[in-house]
């Protein structure tokens with residue numbers, strides 16, 4: 001864990017800063033940063049703590065010790081008694097399963113996340129976000145009428161509706177086929193260039209991580225083991241040992 005002086009210096013820098021430490025109930029020992037416009041790939045064996053890390057940043061999972069700050073704003077500081085609830089953290093969170101409301105249209109699913117906007121602005125803003133995700137003309141379709149890739153695009157548009165300071169992607173492409181994944185990769189790269197916010201991507205597809213991430217963080221048993229660029233990290237014996245057989249191409253599921 002960084003010293004208070006070291007933490008104060010880090011927090012003065014823009015982006016996401018995370019220092020977490022706990023032994024129970026789920027071990028976690030992580031210190032990392034992600035700059036605006038950077039994609040940080042989070043990898044590791046099953047049960048390494050990848051999803052727990054993302055949920056802790058989002059405030060969905062409570063942790064016992066550490067600090068989380070974004071752009072100088074402290075979201076969590078166990079020593080200082082600060083723990084912002086999830087709804088007060090400007091986080092966009094996208095899971096493998098889109099978790100859309102089945103009774104709402106694509107437009108309605110995005111608009112429901114725009115409660116912070118005046119009522120008259122919600123539908124136009126939702127339509128704009130759907131266009132950004134290349135869903136023009138599909139605004140009035142319900143999730144059952146959309147393909148898997150289209151549903152994930154709606155989920156990403158909904159995450160962006162919160163005007164997030166951080167975008168967290170937890171294996172968002174693993175349930176779609178290879179062709180759809182390739183298109184979604186291109187759209188995430190496009191978003192990254194336009195948003196200029198930190199993005200964390202959890203994935204079991206090494207090609208995906210290598211293609212999208214600027215750097216990779218390797219976790220094992222809740223502990224951060226290595227960080228670095230993909231080419232550097234994958235040359236490390238420890239990384240190969242931990243990831244051998246764990247990160248591979250995701251099988252096709254059909255769109």
Taking the stretch 99-163 and dividing mean pair separation by its residue count, relative contact order in percent (alpha carbons under 8 Å, at least six apart): 48 percent
Kirkwood Rh in Å, taken over the stretch 99-163 so that all alpha-carbon pairs contribute: 11.2 Å
Stokes-Einstein translational diffusion, the stretch 74-137 - Kirkwood Rh over all Cα pairs, 0.692 mPa s, 37 °C, in µm²/s: 235 µm²/s
Convex hull per residue volume in Å³, alpha carbons only, for the stretch 7-123: 144 Å³
Pairwise label distance in nanometres, residue 179 with residue 62, each label 7 Å out on the Cα-Cβ vector: 4.8 nm
Average silhouette area of the stretch 146-207, convex hull of alpha-carbon atoms, in square nanometres: 4.2 nm²
Relative packing of peptides 109-122, 199-212, 64-77, 228-241 - highest average C-beta neighbours within 10 Å first: 199-212, 64-77, 109-122, 228-241
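Counting pairs of alpha carbon atoms under 8 Å apart in space and at least six apart in sequence, what relative contact order in percent does the chain give?
27 percent
Give, in nm to one decimal, the length gained when the segment between residue 196 and residue 103 is fully stretched (0.36 nm per residue of separation minus the Cα-Cα distance).
Residue separation times 0.36 nm, minus the Cα-Cα distance, leaves 30.2 nm.
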Spin-label proximity, residue 73 to the stretch 84-109 - amide N less than 17 Å from point 7 Å beyond Cα toward beta carbon: 84-93
Of all DSSP beta bridges in the chain, antiparallel share, percent nearest 5: 60 percent
Extension gain from residue 187 to residue 23, taking 0.36 nm per residue of separation minus the Cα-Cα distance: 55.2 nm
Taking the stretch 103-255 and dividing mean pair separation by its residue count, relative contact order in percent (alpha carbons under 8 Å, at least six apart): 21 percent
Alpha carbon convex hull of the stretch 45-112, projected area averaged over orientations, nm²: 6.3 nm²
Gyration tensor (Cα) of the stretch 136-242, equivalent ellipsoid semi-axes in angstrom: 29, 15, 12
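Here, each number is a calculation from the coordinates, and none is a lab measurement. Keep in mind it's a predicted model, so treat the numbers as computed, not measured. Here Cβ is always computed from backbone atoms with ideal geometry, including for glycine, and neighbour counts include all displayed protein chains.
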